[in-house]
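Structure, as structure tokens:
The values are calculated or read from the model by the stated rules, or taken from the named source; none is laboratory data. Bear in mind the structure is a predicted one, so any value in this text is a computation, not a measurement. Using ideal geometry, Cβ is built from the backbone for each residue, glycine included, and neighbour counts are taken over all protein chains shown. Keep in mind that these areas ignore ligands, DNA and RNA; they rest on the heavy atoms of the full protein, side chains included. Shrake-Rupley method; radii C 1.70, N 1.55, O 1.52, S 1.80 Å.
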Amino acid sequence: MFNGLADWWDGVELWLAQAPFPVQFVLVMVVVVPLCLVAAWLLDTLFGKVARAFGSARDANDPDRSS
């Protein structure tokens, strides 16, 4: 099973490496950029929830807090 997947991936990789630069650029813009945006959104959401769970490092009503 993994040999078939590896062979398929090698074919895709070879095709992409031999493709002209404009084709590579379009594929990156259409595939990789949206995947990175989704990954960034998921990580931001996850870390935001973790940060809220641990609370703030400072109290908002702390009188010693400058500005």
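Counting only heavy atoms of the protein chains and using a 1.4 Å probe, V38 has close to 80 Å² of accessible surface. Note on segment 1-60: dipole from Cβ charges, positive end direction compared against L43, V30, F2; the farthest Cα belongs to L43.
Once all protein chains are placed together, W9 keeps about 140 Å² accessible to a 1.4 angstrom probe.
Distance from a point 7 Å along Cα→Cβ of L35 to each backbone N in segment 1-21: keep the residues under 18 Å and list them by number. Flagged as within label range: 5-19.
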